[in-house]
Amino acid sequence: MHNDLQAAALDLRPELAEVIEVAEAAGALRAIVSGSGPTIAALVADTGAAMRVSRALSACELVADTVRADAPVAGARAVG
């Protein structure tokens, strides 16, 4: 996962880096700025990790709200 706008968003809103750290410390495989910010998207491996990340983000004073979205199939796949 990569976002070309992330560096600029983190420069303008450095606290977003802390939110990314919270998500990854709680078990996210990767967390990134979505679009130009301030939304953060976190990718997790399973339901348990999703619940841990959601709880950690909900407890973070920098986070206004969390939304969990489940994919219709298990896991992400790279198509070449």
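The values are calculated or read from the model by the stated rules, or taken from the named source; none is laboratory data. Just so it is clear, the model here is predicted, and its values are computed rather than measured. Glycine gets a Cβ as well: all are built from the backbone with ideal geometry, and neighbour counts include every protein chain shown. Accessible surface is based on the protein model in full, side chains and every heavy atom, while ligands, DNA and RNA are left aside. Shrake-Rupley method; radii C 1.70, N 1.55, O 1.52, S 1.80 Å.
Multiply the residue separation of Asp46 and Ala25 by 0.36 nm, subtract the distance between their alpha-carbon atoms, and state the gained length in nm to one decimal. Write out the running numbers ahead of the final one.
Numbers: separation 21, 0.36 × 21 = 7.56 nm, distance 1.52 nm.
Contour length minus Cα-Cα distance gives 6.0 nm.
Kindly provide the Kirkwood hydrodynamic radius of the chain in Å, to one decimal, from all pairs of distinct alpha carbon atoms.
Working: mean 1/r = 0.0765 Å⁻¹.
About 13.1 Å, per the Kirkwood formula over Cα pairs.
Long-range amide H contacts for Ser34: which residues qualify at under 5 Å (H placed 1.01 Å from N, peptide plane, sequence gap of 5 or more or a different chain)?
It is Thr39, Ile40, Ala41, by chain and number.
Given the protein chains as shown and a 1.4 Å probe, how many square angstrom of Leu29 are accessible, to the nearest 10?
110 Å²
Please get the size of the charge dipole for the chain, origin at its Cα centre, with Cβ charges of +1 on Lys and Arg and -1 on Asp and Glu, quoted in debye to the nearest 20.
Numbers: 6 positive and 10 negative charges, 61 e Å.
So the magnitude is around 300 debye.
Within a Cβ distance under 13 Å of Arg30, other residues only, what is the Lys/Arg minus Asp/Glu net charge? If you can, show how the numbers build up before the last one.
Working: positive: none; negative: Glu21, Glu24.
Cβ neighbours under 13 Å give a net charge of -2.
Keeping all protein chains in place, calculate the accessible area per residue for the chain (probe 1.4 angstrom), answer in Å².
Details: 5560 Å² over 80 residues.
Ligands and nucleic acids excluded, the result is 70 Å² per residue.
Based on the mean of other beta carbon atoms within 10 Å per residue, what is the order of 18-26, 53-61, most packed first? Don't jump to the answer; show the numbers that get you there.
Working: 18-26: 17.9, 53-61: 15.4.
The most tightly packed comes first, giving 18-26, 53-61.
So what are the ³J(HN,Hα) numbers for the stretch 6-19, from phi and the Karplus equation (6.51, -1.76, 1.60; θ = phi - 60°), rounded to whole Hz, Gly and Pro as x?
4, 4, 5, 5, 5, 5, 6, 10, x, 5, 4, 4, 5, 5
Heavy atoms only, probe 1.4 Å: what % of the accessible area of the chain goes to carbon and sulfur, would you let me know?
On the way: 3050 of 5560 Å².
Taking all protein chains in place, the chain shows 55 percent carbon and sulfur surface.
State the extension gain, in nm to one decimal, for the chain segment bounded by Asp70 and His2, taking 0.36 nm per residue of separation less the distance between their alpha-carbons.
Details: separation 68, 0.36 × 68 = 24.48 nm, distance 2.03 nm.
Contour length minus the Cα-Cα distance gives 22.4 nm.
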